[in-house]
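The values are calculated or read from the model by the stated rules, or taken from the named source; none is laboratory data. These figures come from a predicted structure and were not determined experimentally. In this analysis, Cβ positions are derived from the backbone assuming ideal geometry, glycine residues included, and neighbour counts consider all displayed protein chains. Heads up: the accessible areas ignore ligands, DNA and RNA and are worked out on the full protein's heavy atoms, side chains in. Shrake-Rupley method; radii C 1.70, N 1.55, O 1.52, S 1.80 Å.
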Amino acid sequence: TVNSVPSIVIGDEKGAGKDRRIAKEFIQRSAKTLLNEKVFTDLIVNNEVIFVVSSTGGGTGSGMSPVLTDILSRVYPTKRFILVGILPTIKESIAAQQNTIEYLKEMRNFKATYMLYDNNIKTELPTSDMMKAINNQIVEDICVIRGDYQHATPFNSIDEKDMLKIIETEGRLVLATTFGFKEKDI
């Protein structure tokens, strides 16, 4: 449940008002405190791969997530961090589009693995359903990365070390999945 997910407030609890600069200042000022929060550090220490998920169009997540990922990558050099950005719909504000452009420019220069998800492909759905669908896709892709669907076959398969090498490669990580086929189909 949502109540069981620990939360840590960064900034002034009012958001950044689509201003990425303010969000970056929030995370830079709060990084030391955040890195001293046991619930936060336990999450990182107890996992090999950590996904940092945010929207690219807002100010808060769009501004904080790349900075946070960079900080965490330096503090925990043996961990693998994947930055996950959710793109705005084409109908969202000019500010959301501009924030996304700035986020993507940072990704081009950022030495990290990142994934992008497009809200625009689900615009026929009500907003809450669109968000659920994108969140479900992210969770599904994380399951693929974790190897939840791996099955040994005589045709070989990606093992855990192969997947770790893939996600250590800098740049955009794109996943495609196929379900429902049988070995004889190959």
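Quick look at the numbers
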read-out	value
Residues (within 22 Å of Ile166 (Cβ to Cβ) and in contact (Cβ under 8 Å) with a residue 60 or more places away in the chain) located in the stretch 49-89	Val49, Phe51, Val53, Arg80, Ile82
Top-ranked residue of the stretch 90-102 - restricted to ones that are free of Cβ contacts under 8 Å to residues at least 40 places away in the same chain and either in a helix (DSSP H, G or I) or open to solvent by less than 10 Å² (accessible area, probe 1.4 Å) (or both), ranked as farthest from Gly171 (Cα to Cα)	Ile94
Every residue from the stretch 103-118 that is in contact (Cβ under 8 Å) with a residue 24 or more places away in the chain, part of a helix (DSSP H, G or I) and over 14 Å from the mean Cα position of the chain (by Cα)	Glu106
Pairs, first farther than 13 Å from Ser7 by Cα in the stretch 26-48, second exposed (fewer than 13 other Cβ atoms within 10 Å of the Cβ), C-beta under 8 Å, six or more apart	Phe26/Asp12; Leu35/Val75
Failed condition for Leu83, given (1) farther than 26 Å from Leu34 by Cβ; (2) modelled with pLDDT of 90 or more	(1)
Condition met for Asn135 (surrounded by fewer than 14 Cβ atoms within 10 Å (Cβ to Cβ) and modelled with pLDDT of 90 or more)	yes
Condition met for Glu160 (at pLDDT 90 or above and either more than 27 Å from Thr41 (Cα to Cα) or out of contact with any strand residue (DSSP E or B) (no Cβ under 9 Å at 6 or more places or on another chain) (or both))	no
Lone unmet requirement of (1) at pLDDT 90 or above; (2) in contact with a Lys or Arg (Cβ under 6 Å, 6 or more places away or on another chain) for Gly59	(1)
Residue match in the stretch 66-74 (condition: modelled with pLDDT of 90 or more, open to solvent by 50 Å² or more (accessible area, probe 1.4 Å) and not acidic (Asp, Glu))	yes
Sole residue being within 25 Å of Ser128 (Cβ to Cβ), of a type outside the set (Asp, Glu) and open to solvent by 60 Å² or more (accessible area, probe 1.4 Å), chosen from Lys105, Lys14	Lys14
